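Novice: One structure follows; several queries about it will come next.
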Amino acid sequence: MDFLSNLNTMLTSQFGPLGPFLAIGLLGLALILVTLPSMLKKQEDPLAKLKAQREGTARAAKAGGGADLRRGQDRDKLEKFAGFLEPQDAETMSASRLKMLRAGYRAKNAVRMFHFAQFALGLGFLALGMIYALVVSSQQEVGTQFMIIATIGPGAAGYYLPQYWVQRRLQARQAEIVAGFPDALDMMLVCVEAGQSLDQSINRVAKESRAGYPALADEFEMVAHEVKAGKERVQVLKDMSERVGISDVSSFVTTLVQSATFGTSIAEALRVYSAEMRDKRVMRAEEKANTLPTKLTLGTMMFTVPPLMIILIGPSVYGISQTLSGGGG
């Protein structure tokens with residue numbers, strides 16, 4: 001304790017009241033600079049190096065391979081920081097990639113860019129907080145608590161801002177898919193009953209729903225492309241269910257898989273399930289309508305009852321105060 005007290009006294013005498021704060025900041029920056037190279041250092045796999053050389057040779061042999069080589073160099077630059085910007089655990093990496101897919105970010109380096117945004121915004125907002133704290137402290141005397149909050153608060157906000165953005169985008173995308181799913185099923189039922197196959201119906205639904213529900217159109221379009229590429233339809237539908245993460249879509253996929261397994265009519269299964277989806281949409285609307293009075297109660301109590309009480313009781317209170325003041329005089 002004596003050593004810390006002497007150190008605090010020395011820093012305060014040398015650099016003023018902000019001496020201990022500046023020392024802690026410089027120590028943290030030095031630790032980051034010392035640790036960062038070892039974290040960013042990534043051993044190159046020899047097999048991956050051979051594979052990259054083969055792919056580079058193949059791309060160079062193709063016409064217009066210059067653009068591909070430039071894109072490959074950009075990817076290599078991003079991959080240098082993969083050991084620091086991506087989770088090293090396979091399970092955590094899969095969960096992060098699935099979350100980015102559900103939010104609509106399908107790029108291969110989406111997880112890497114997400115963690116880079118967290119790192120960059122966290123450090124950027126932390127630097128802005130430090131600058132703001134130093135400017136305020138130079139103009140007036142501030143406490144240590146204010147300095148800590150003004151510095152760490154913006155850094156924490158910048159770190160969690162990408163996570164908040166991805167979560168909001170995920171929720172908005174899922175809400176859009178849920179809203180457009182009954183209409184998509186009705187359109188698919190019409191296409192199937194008109195004589196089209198299930199693959200043709202999915203293509204048609206993807207094209208027609210693009211204007212109103214682009215997220216749902218993207219999912220159906222991906223299903224159509226994967227089936228066209230030769231992937232098994234059952235596996236494609238299961239991948240769609242996992243990728244979307246919505247119970248209605250999972251039930252729809254289960255219905256189609258069971259219909260294909262047992263050989264029942266797809267049109268009949270779609271007719272029953274689309275009717276169920278319409279009923280669920282009506283029930284969701286009724287649920288929102290039934291919760292409106294409860295939500296309006298708080299607003300009514302806050303903005304209606306106080307003015308009404310003032311109007312009713314105000315004159316009486318004023319008269320009583322006047323009577324008491326007159327009697328006292």
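The values are calculated or read from the model by the stated rules, or taken from the named source; none is laboratory data. Note that the coordinates shown come from a computational prediction; the quantities given were computed from them, not determined experimentally. Methodologically, a virtual Cβ is constructed for each residue, glycine included, from the backbone with ideal geometry; neighbour enumeration extends over all protein chains shown. With ligands, DNA and RNA removed, areas are computed over all heavy atoms of the protein, side chains included. Shrake-Rupley method; radii C 1.70, N 1.55, O 1.52, S 1.80 Å.
Novice: Could you tell me whether any residue of the range 292-314 is out of contact with any helix residue (DSSP H, G or I) (no Cβ under 6 Å at 6 or more places or on another chain), farther than 22 Å from E193 by Cβ and not in a helix (DSSP H, G or I)?
Specialist: Yes: the range 292-314 contains one or more residues that are out of contact with any helix residue (DSSP H, G or I) (no Cβ under 6 Å at 6 or more places or on another chain), farther than 22 Å from E193 by Cβ and not in a helix (DSSP H, G or I).
Novice: Right, another one. Of (1) surrounded by 13 or more Cβ atoms within 10 Å (Cβ to Cβ); (2) closer than 29 Å to A172 by Cβ, R271 satisfies all except one. Which?
Specialist: Single failed check for R271: (2).
Novice: Right, something else. Name the residues in the range 174-188 that are open to solvent by less than 20 Å² (accessible area, probe 1.4 Å) and free of Cβ contacts under 8 Å to residues at least 60 places away in the same chain, would you?
Specialist: G180, A184
Novice: For residues that are among the β-branched types (V, I, T) and open to solvent by 40 Å² or more (accessible area, probe 1.4 Å), scanning just the range 99-152, find the one that is modelled with the lowest pLDDT.
Specialist: V142
Novice: Related question: It is to be established whether one or more residues within the range 216-227 are surrounded by fewer than 18 Cβ atoms within 10 Å (Cβ to Cβ) and among the small types (G, A, S).
Specialist: No, there is no match, as no residue in the range 216-227 is surrounded by fewer than 18 Cβ atoms within 10 Å (Cβ to Cβ) and among the small types (G, A, S).
Novice: Another question about this same structure. For the range 280-290, state whether one or more residues are among the acidic types (D, E) and touching a helix residue (DSSP H, G or I) at 6+ places or on another chain (Cβ under 9 Å).
Specialist: Scanning the range 280-290, I find no residue that is among the acidic types (D, E) and touching a helix residue (DSSP H, G or I) at 6+ places or on another chain (Cβ under 9 Å), so the answer is no.
Novice: Right, next: Can you tell me which residue among Q200, Q163, Q196, Q171 is open to solvent by 60 Å² or more (accessible area, probe 1.4 Å), free of Cβ contacts under 8 Å to residues at least 60 places away in the same chain and under 20 Å from S247 (Cβ atoms)?
Specialist: Q171
Novice: Restricting to the range 84-98, and then to whatever is outside any loop (DSSP other than H, G, I, E, B) and open to solvent by 50 Å² or more (accessible area, probe 1.4 Å), can you tell me which residue is modelled with the lowest pLDDT?
Specialist: The residue in question is F84.
Novice: While we're here: If a residue must be among the β-branched types (V, I, T) and modelled with pLDDT under 85, how many such residues does the range 262-298 contain? Can you show your working first?
Specialist: Going residue by residue through the range 262-298, those that are among the β-branched types (V, I, T) are 264, 266, 272, 282, 291, 294, 297.
Next, from what is left, pick out any that are modelled with pLDDT under 85: 264, 266, 294, 297.
Number satisfying all stated conditions: 4.
Novice: When you check L69 against the structure, is it in a helix (DSSP H, G or I) and modelled with pLDDT under 80, yes or no?
Specialist: So L69 passes the test.
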